[in-house]
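Notes for the one structure printed next.
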Amino acid sequence: MDSLTQIVLGAACGEAVLGKKIGNKALLFGAIGGTIPDLDVLVGSLIYGNEIDAMLFHRGFMHSVVFSILGALLLGWLVHKLYNTRKRLHTTTQKDWMQLFFWSLFTHPILDCFTPYGTQLFAPFSNYRVAFNNIAVADPLYTVPFLICVIILMFFKRKHIQRRFWLKMGIGISSVYLFLTVSNKFYIDNVFKSSLSEKNLSYARFSTQPAILNNILWYGIAETEDSYHVGFYSLFDATNRFSDWQTIPKIRVFTKNHYRDLDCLAWFSNDYFNVEKQEDGNYLYKDLRYPLVETRNGYKAVFNLKLYKDGKRLNMKPFAPEMDDFSFALNALWKRLKGK
């Protein structure tokens, strides 16, 4: 999920573990713990000179169960040593701090597993990306009510019963919404399969996921031998079938056998990708897992990576979404979300 969501969830974990003992400081430390896994973006850029390697490091080991355990042990021990002094002596235990950091670290990758981006939950033993594809990487309906509840509880004293009430409300509302998105995912998969059957399309596999910022408009992609077929469906549509179909020919100007880096990128995209040559001699890698965006010139892929040859390897320029007219795309998303 996005950074704000992880901060809120981490803060709630801090409150659940140590709120009664240290009040709002528990929210702060929980928020810090909830942020730490995403620091792998910075760590990756420091470790690797190749931008592809740095990108692939994100949601790797620092988003794993192993890291959550090791990080909790280390941070719990360290923070307890620093915090448990003078007037605060014996107000908390080392076990308290280890629990706080475990839950704030562990819930971060667990929540990420529900997004299409996924996370390597079992690293370093496996690079399998757990991705349930049922909620967008940023969804205000999950985050905003949760955030409001956390803000409200901050105004009550640490042992006040209302503080615990608002914590339960925040966790409860967000959890119920997350469960509803899982139900939507099962329903949407059935709708997409029925839509493909009506088109008499013989496909090898398919994937569905919600469009950004909502769980109402969904995107589906089906792969055939020589192309991808993508469509959209809103829960507000008059018929329970996908529409706005686009056919995207498979274009791969070179294969995984040419560059190991392309093999890594294909793994990252779950093999839903195209590679096109540009006029400047470089290459455009299109990750087609993510929904196409409607522009003034038709639907376009926005999760594009600009690749270039770097010695015997491929490298890429810093990622920037392809968005010519953001306001038009946002308005088109809103119109399609309302159904047709």
request  = Taking the dipole about the Cα centre of the chain, with the C-beta of Lys and Arg at +1 and of Asp and Glu at -1, give me whichever of Phe319, Thr224, Ser68 is farthest to the positive side.
outcome  = Ser68
task = Return, ordered by residue number, the residues of the range 122-162 whose backbone nitrogen is under 14 Å from a label point located 7 Å along Cα→Cβ of Leu330.
result = 140
query = Along each of its three principal axes, how wide is the spread of alpha-carbon positions in the range 1-140, in whole angstrom units, largest first?
reply = 49, 33, 23
query = Going toward the positive end of the dipole of the range 243-340, with +1 on Lys and Arg Cβ and -1 on Asp and Glu Cβ, which of Trp334, Phe254, Ser243 do you reach last?
reply = Ser243
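Among Lys185/Lys312; Lys25/Lys317; Lys300/Lys338; Lys256/Lys338; Lys185/Lys286; Lys306/Lys340, which pairs are too far apart, with a Cα-Cα distance over 31 Å? Please report the intermediate quantities before stating the final value.
On the way: Lys185/Lys312 42 Å; Lys25/Lys317 40 Å; Lys300/Lys338 21 Å; Lys256/Lys338 40 Å; Lys185/Lys286 24 Å; Lys306/Lys340 35 Å.
Violating the 31 Å Cα-Cα cut-off are Lys185/Lys312; Lys25/Lys317; Lys256/Lys338; Lys306/Lys340.
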task = Mind listing the long-range amide H neighbours of Phe242? Cut-off is under 5 Å, sequence gap 5 or more, other chains count too, H placed in the peptide plane at 1.01 Å from N.
result = Ser195
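Roughly speaking, what is the stretch gain from Leu82 to Ser194, that is 0.36 nm per residue apart minus the C-alpha to C-alpha distance, in nm to one decimal? Mind showing how you got there, number by number?
Values: separation 112, 0.36 × 112 = 40.32 nm, distance 5.90 nm.
34.4 nm is the gain from fully extending Leu82 to Ser194.
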note = For Lys250, other-chain or 5+-apart residues with amide H closer than 5 Å (H placed, Pro excluded) are Ser227, Tyr228
remark   = With +1 at each Lys and Arg Cβ and -1 at each Asp and Glu Cβ, the charge dipole magnitude of the chain around its Cα centre, to the nearest 20 debye, comes out at 1660 debye
task = Give me the distance in nm between label points sitting 7 Å out from Cα along the Cα-to-Cβ direction at Leu337 and Phe186, one decimal.
result = 2.6 nm
Candidate values (i) 129; (ii) 150; (iii) 201, label of the one derived for volume of the Cα convex hull per residue in Å³ = (ii)
query = R0 = 51 Å: FRET efficiency of Arg158 with Asp310, Cβ-based, nearest 0.05?
reply = 0.40
message = To make sure I understand the rule: partners must be aspartates and glutamates, Cα under 18 Å from the Cα of Lys81, and not fewer than 8 residues away in the same chain. Which ones qualify?
response = Asp96
query = How large is the helix-only mean residue ellipticity at 222 nm for the chain, computed as the sum of -39500 (n - 2.57) over DSSP H runs with n ≥ 4, divided by its residue count, in deg cm²/dmol to the nearest 500?
reply = -15500 deg cm²/dmol
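Checking the a/c ratio against 1.5 first, then a/b against b/c, what shape does the Cα gyration tensor give for the range 182-285? Please report the intermediate quantities before stating the final value.
Values: a/c = 2.25, a/b = 1.98, b/c = 1.14.
Since a/c reaches 1.5 and a/b is larger than b/c, the shape of the range 182-285 is classed as prolate.
Report the gain in length on full extension from Leu89 to Lys21: 0.36 nm times residue separation, minus Cα-Cα distance, nm rounded to one decimal.
Details: separation 68, 0.36 × 68 = 24.48 nm, distance 1.22 nm.
Taking Leu89 through Lys21 to full extension adds about 23.3 nm, to one decimal.
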task = Take the Cα atoms of the range 226-340, find their three principal axes, and give me the spread along each one in whole Å, biggest first.
result = 52, 28, 21
key: aspartates and glutamates whose Cα lies under 13 Å from that of Lys250, excluding same-chain neighbours fewer than 8 positions away   = Glu223, Glu225, Asp226, Asp271, Glu276, Asp287
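No lab work stands behind these numbers, since they all come straight from the coordinates. Given the structure is predicted, the values throughout are model-derived calculations rather than measurements. For neighbour counting, all protein chains shown are included, and Cβ atoms are generated from backbone atoms with ideal geometry for every residue, glycine included.
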